[in-house]
Structure formats: structure tokens, C-alpha cells
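Working notes, structure below.
Values quoted throughout were computed directly from the atomic coordinates according to the rules given, and no laboratory measurement underlies them. This one's a predicted model, so the numbers in the text were calculated from it and none came from an experiment. Heads up, the Cβs are rebuilt from the backbone with ideal geometry, glycines too, and the neighbour counts pull from every protein chain shown.
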């Protein structure tokens, strides 16, 4: 692995497909409190808390593979940092579907992204059940650890042992089967107390967004951590495919992608539900600015404005420009909805055939309706984040997973730190045999003396698939210069994950 302050010149593919595809496998072990040592460097003693990660951990049953890794069953890993030591625990989420398929030894449910039950079209037609696979994100809320999948309720886990407690309806907040986003945003305290802001969407010809806010700490007025403190619903015309959103002190910012949904191939057993989505050629999406109940625009109607053409899964951040009155949102744009066709093996995917994600800034004027945009990063990128204390505020720095090649699509093999003011870039690369997933930036605790007020003071925690040893490493980087702090070789082979979070020790 190399570290560099400047970007390398693109020189063609720098990875072996066997190394990359080797990560797609079943997780074969569940470990409990396993000590993990650094093979290089030193684990910072100031890191005190738990890195939680979620992602597909079961990709094959009975000799049949999922059609898309996003259909794999959720497996949560917890890496607990204390006094310079790290202990690893991992567990599959015991969902109803996972238990049923473990007993059967085969796929019993269809997958949203195209996985079919054995038996062909006739066996899959008219089976419209959705398997809650709890594989997308994992966050701490009060005394519960929530494994999230955006089309249904979360599963509650024990934060220490990761044992599954069962479906959680959050003390009656959710109805049975109600959608609950896998992309909450953590407001660091714009209105006095920190909150988890999230949403659920009911999609159709008219789509309804339910915006919810939960306390994340015990509050002076007696509100408990995990208690609902704000709840509003709004309806919009058109089908809504919403995977993520962004927040500012006054707004929740959604981007309604210009997509259409034709359910017939799903109903007749030919495709998964997500494969029935298609971009509306030549049409742009819409920004939906939904007022937060505690913000400056509380009680006002949502604002709808045109968005640039393209498709967005993830946002980096949003903030309010006090000088111009604009809402600024940074998002990762694709030229089109990236999908894997019914006859394509995801392990053999041609990267050149799929559009790459690129970071774009939009400046939205809610009064005039004007929307202006510019590219912040045209290198293929995903999984971007800012310092959590700057969520919803103007941030100077972003950390993201990027491709080794400077242009075009490719596997994510490096971590980039981007200065959003100057455009300066720093890069840490795992190429040629390493492949990164979502980085998590952990700020240095405020009680420490070294640069405690600097926005880029802290560490970036990165799970890396190590093709050389066919297992996963955890790499700890300094957040300021991306210097390698420590490398931990995990005694586990974990497929590429989706999202994770950091929970500081209390």
C-alpha cells in the first residue's frame, strides 16, 4: 500500500479481476470479542468507541448466487477500540428471511435487485413478498443498535454482543412493514441537542415522505435518547426513488431522480423490483426542500426546484449560505441509473459499461428558483463524508472512496481527502491488490490537546479487501494528511460492505 500527497498519473488498469472478485463470498465465521492486533503502526489510544459496519454477508445458497450483491443477507461487524486495543465481533442479522433460508438451505425469497428463487419464472411470478435483509447500514440510537434496510422496519441488535433482538418499531413510531430509511443523518446539535434525522417514503404516482427526528442523547426536558421529537409528512407528484438525503439546520434536502417504475416484469417473475426502474431519458430530477420543524422555515410548504440531469444515490453534505440565502448540496452524480441486467454476472461486470459517480455541487436559491452547479471532483468516487461536527454546516474537507484511475470507471481502491475550498487533493492508495469500502471519519476527542479544534484532526477508518491474503484489513489513516497510522489484519473475510458508523465510548 502506498501513501501520496499527489494524485498518480492514470496508466491503465492496476488491478487483477480475481483479486477484486475474490471478496464476493459467504462469511463463514461469527466471532466474539476476538483480539485484533496491528501488523503495522500503532492503534491510537485516543480512539475509544466502536466502529460498526453492515453489508451483504451471504451471497450464495445451495450453489446459486445472488444476482446482485445488494441482495445478500446483512452481516454486522463491530470493532471496539479501547486503550489501544481492538476486539472484533460479527453476527448475521437473524431476520425472518435469513432464518427461513438457513433452514431450507436454498433461496426462499426473491431479491429486490434481481435474485430469483429456484424454479424459473413460474416459481417467482406473483410472489411479491419483500425480504427484509437488514444489510445496508447500522447505527446506534439510545440503547438499541439498528440494522437498517430502507424498505421496512429496522432490526434491533444488542450493541455489545450483536445478538438480534427482533424487528423494532421504535416504541410504536412505525407501523408494521413501514419503510424506514437506511440513511439517517446525525444533526450535531443545530437546535440545542443532537438528533438523528431520517425519513420513510411510500412511492407511487404520488409519493409521500415522512420526515422524523429522534433525540440521540438524554435531554434536560426529560426527553429520552431514541424518543421521537419531530414528525411531519409531505406528498409530491411522481414516483420517488430516494436512497439518501441531506440536512441543514432549516431543511431536509431530497433529490427525486427522474425515474419510472414499470412493475409488470416484477409481478410476472421476470425481474427484481429494482430492475424495473429506468431513467426518464432527457428529463431532469427535482430537488425537494422540506422545512424542518425546528428550523427558520418551520410550518412553510416544501419547495420544489429542478435538479441537474443525472442520477444520485448519495449526498456528501448540505449547508445554508448565509450571505446569498442559497442552500448548497454536494452529491455524487451518475449519468444514468447504474444497473446489472438479468443475464449479467456481477463478478464479471465491465466497469467501462457502467457510469462512474462524480461529486457535484448545486447552489439552490429557494426564492428565485435558480439552481447552479459545478463539478467538485470528476474522479470516480463514492461513499463521501465530512467531519460529523460539520454535518449540515459548510465543511472544508471531505473524505471519500475513489478509483485508482483518474478518469473513467473502476473499482474503488483509494481514499481521497478533498479540500472543498481550494480543490487540493490527497490520496492514500491500496492498489494494486487492495479494494476499499466506505471510509468513516472519526474526529479527535475534544479532551485531547493536539489540534482539538481542527476540522481534519482525527482518523479515517477504512475496511480494505486484501486480495493478497483473501481477507479484510482495517486501515487507520490520519485524517489530516492520510498518513498510514496502523493496519490491522482481521481474522475474517468480509465481502464489500455498504455503510457503517462510529459510536464513541460513553
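Ranked highest first by average number of other Cβ atoms within 10 Å, how do 218-225, 167-174 line up?
Going by the mean number of other Cβ atoms within 10 Å, highest first, we get 167-174, 218-225.
Just to be sure I understand: of the beta bridges DSSP finds with both ends in the chain, what percent are antiparallel, rounded to 5?
Percentage antiparallel, nearest 5: 100.
How many angstrom lie between the C-alpha centres of the stretch 377-433 and the stretch 206-269?
The distance from the Cα centre of the stretch 377-433 to that of the stretch 206-269 comes to 26 Å.
Listing 354, 476 from the residue with the fewest other Cβ atoms within 10 Å to the one with the most, what is the order?
Fewest to most other Cβ atoms nearby, the residues stand as 354, 476.
When only C-alpha pairs under 8 Å and at least 6 residues apart count, what is the relative contact order of the stretch 319-457, in percent?
Relative contact order comes out at 18 percent.
Could you tell me whether the stretch 387-506 comes out rounded, prolate or oblate from its Cα gyration tensor? Rule is a ≥ b ≥ c as square roots of the eigenvalues, rounded for a/c under 1.5, then prolate if a/b exceeds b/c, otherwise oblate.
Cα axes put the stretch 387-506 in the oblate bin.
Can you classify the stretch 295-445 as rounded, prolate or oblate using the Cα gyration tensor, where a ≥ b ≥ c are the square roots of its eigenvalues, rounded means a/c under 1.5, and otherwise it's prolate if a/b beats b/c and oblate if not?
Oblate.
By count of other Cβ within 10 Å, fewest leading, how are 506, 216 ordered?
Exposure proxy ranking, most exposed first: 506, 216.
With Kirkwood radius over Cα pairs in Å in mind, check [x] 26.4; [y] 23.2; [z] 24.0 and report the label derived from this structure.
Calculated Kirkwood radius over Cα pairs in Å: the matching label is [y].
Is the shape of the stretch 3-128 rounded, prolate or oblate, going by the alpha carbon gyration tensor and its root eigenvalues a ≥ b ≥ c, with a/c under 1.5 for rounded and a/b larger than b/c for prolate?
oblate
Tell me the mean residue ellipticity at 222 nm calculated for the chain from its helices only (DSSP H runs of n ≥ 4, each -39500 (n - 2.57), averaged over every residue, nearest 500).
-1000 deg cm²/dmol
Taking the highest mean first, how do the peptides 251-257, 42-48, 390-396, 209-215 order by number of other beta carbon atoms within 10 angstrom per residue?
Packing order, densest peptide first, comes out as 251-257, 209-215, 390-396, 42-48.
Arranged by the count of other C-beta atoms within 10 angstrom, fewest first, what order do 19, 244, 321 take?
So the ranking, lowest neighbour count to highest, is 321, 19, 244.
Cα centroid distance between the stretch 304-341 and the stretch 140-164, in Å?
29
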